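In what follows, a single structure is set out as structure tokens and then discussed.
The values are calculated or read from the model by the stated rules, or taken from the named source; none is laboratory data. Just so we're clear, the structure is a prediction, and the values are computed from it rather than from any experiment. Here the Cβ positions follow ideal geometry from the backbone for every residue, glycine too, while neighbour counts run over all protein chains shown.
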Ligand SMILES: Cc1cc2nc3c(=O)[nH]c(=O)nc-3n(C[C@H](O)[C@H](O)[C@H](O)COP(=O)(O)OP(=O)(O)OC[C@H]3O[C@@H](n4cnc5c(N)ncnc54)[C@H](O)[C@@H]3O)c2cc1C
């Protein structure tokens, strides 16, 4: 039977049964149509606000499958999308009616402890990489929630508890294997296809499909000191003030994240605060455990904390401490800014808008990222934003579509109110579905954006990889 798929330029493309059969014959992994078992599970992603249906899903089992998928896309002029961990808030992993090239079966990780490098396939989650590297007391610079995909995170920048010491995730990539828009397999590094290597370190999914990443590893743990301290919401201004002072002077091994939300019914929080506003500081000290206690002591003396679970724990456990707050299948809407510092008015606005949260799951987060990333030269990687010290993330999260308008409205209000506190820059990976050209421009310096556009012309002149935060000339 002929199937119809979405074409690159909005036109429907008929694929006769024998052509589809020929594709399936050269493709090793499952090729799923809408009627096949597993189709729905694979097309559904973390953010339930995105409910798109591709026409076909090609589940890659290796680089050869990615090559075949790109050839198929090129040959028939198809719209396609690339799925890594499926965590992109804008739902870039899923296109309507086209071919979803699904990388999520590719989850191998190989660690070379002597060279302190890890090779990770592009379908890995952060947890997959932490699990293997921590066997050797090593870690890659990754993000805060273990189910997030390494691929989208790395090609769009990437920050986490190790960023203060080592920069963006993409600043710590040594090489990648890439399938380009001509279905050629390329190795990219400082010495091979260096311009494409540069573009892939922050330029998003615009330049090719990465099949594996080689990460520089750093010694961490396996035991670190970390966890969270929580206070009642009424103490938010005082705690944010202390967070500003504390984070400005804390050594780079110590990263803190302020979270303002309603207390979830988590066992570490006393029952009397459940459902009430709280502020929590998540802390991770990735240096010598003996030094951590003294550094964290002043925070423990601040006001009257309602909970304190900062303790010695495995680094891999720290890396999944926030997981339960971000389940797949809720409705999510984010807005974000980079901040050069935390001013008095930022504290006031954050506390005020936290007080207006509309859902038990929404939060305002302030991630400290200041440190190594500020020291790299401008243009080192397009993730750039080397003036950023904090990420302000206004994270709406709720369950029913009837509540969409209220929660989206809350996030937008807070975003507009805090706009004046921003560097003007933003994080590509936190952009929502409707954030277009002006926000993509805000994610890069003008020089880097021009360079990215020129590289797009060089490596993907037909804009095959357009189901991205698209950079065009
Ligand atoms: C709960 C949660 C926590 C997060 N925490 C952090 C964090 O701590 N730090 C941080 O920096 N970011 C964080 N993010 C943002 C995250 O970096 C982005 O959502 C990122 O896009 C996720 O990557 P993914 O592979 O899961 O995405 P997907 O949705 O699978 O893919 C997103 C896009 O990435 C590109 N892409 C995917 N795979 C490939 C590939 N193999 N080759 C080329 N391009 C590809 C494509 O353009 C694709 O459309 C978080 C997101 C969520 C939802």
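In table form, for the structure just shown:
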| item | result |
| --- | --- |
| Which listed residue, of 432, 472, is closer than 28 Å to residue 100 by Cα and modelled with pLDDT under 95 | 472 |
| Test: residue 393 is part of a helix (DSSP H, G or I) and either out of contact with any strand residue (DSSP E or B) (no Cβ under 7 Å at 6 or more places or on another chain) or closer than 28 Å to residue 244 by Cβ (or both) | no |
| Candidates 430, 465, 415 - the one that is within 16 Å of the ligand (Cβ to nearest atom), in contact (Cβ under 8 Å) with a residue 12 or more places away in the chain and closer than 30 Å to residue 361 by Cα | 430 |
| Sole residue being within 16 Å of the ligand (Cβ to nearest atom) and within 22 Å of residue 318 (Cβ to Cβ), chosen from 242, 228 | 228 |
| Residues of the range 1-46 classified as assigned to a loop (DSSP other than H, G, I, E, B) and out of contact with any strand residue (DSSP E or B) (no Cβ under 9 Å at 6 or more places or on another chain), total | 8 |
| Residues of the range 426-473 classified as closer than 20 Å to residue 158 by Cβ, touching a helix residue (DSSP H, G or I) at 6+ places or on another chain (Cβ under 6 Å) and in a loop (DSSP other than H, G, I, E, B), total | 6 |
| Residues (near the ligand (Cβ under 7 Å from one of its atoms) and closer than 17 Å to residue 31 by Cβ) located in the range 66-92 | 81, 82, 83 |
| Checking residue 28 against (1) within 14 Å of the ligand (Cβ to nearest atom); (2) more than 30 Å from residue 434 (Cβ to Cβ); (3) surrounded by fewer than 18 Cβ atoms within 10 Å (Cβ to Cβ), the condition it does not meet | (1) |
| Candidate set: the range 124-145, residues that are surrounded by 22 or more Cβ atoms within 10 Å (Cβ to Cβ), touching a residue at least 40 places away in the same chain (Cβ under 8 Å) and part of a loop (DSSP other than H, G, I, E, B); chosen: the one farthest from the ligand (Cβ to nearest atom) | 140 |
| Candidates 60, 95 - the one that is under 20 Å from the mean Cα position of the chain (by Cα) and either in contact (Cβ under 8 Å) with a residue 24 or more places away in the chain or within 17 Å of residue 468 (Cα to Cα) (or both) | 95 |
| 1 or more residues modelled with pLDDT under 95: qualifying helices (runs of 4 or more DSSP H) within the range 235-320 | 236-249, 289-300 |
| Candidate set: the range 112-123, residues that are in contact with a strand residue (DSSP E or B) (Cβ under 9 Å, 6 or more places away or on another chain) and either assigned to a strand (DSSP E or B) or without any contact (Cβ under 8 Å) to a residue 24 or more places away in the chain (or both); chosen: the one surrounded by the fewest Cβ atoms within 10 Å (Cβ to Cβ) | 112 |
| Count of residues meeting criterion [within 11 Å of the ligand (Cβ to nearest atom), in a helix (DSSP H, G or I) and either within 18 Å of residue 256 (Cα to Cα) or at pLDDT below 95 (or both)] in the range 146-174 | 2 |
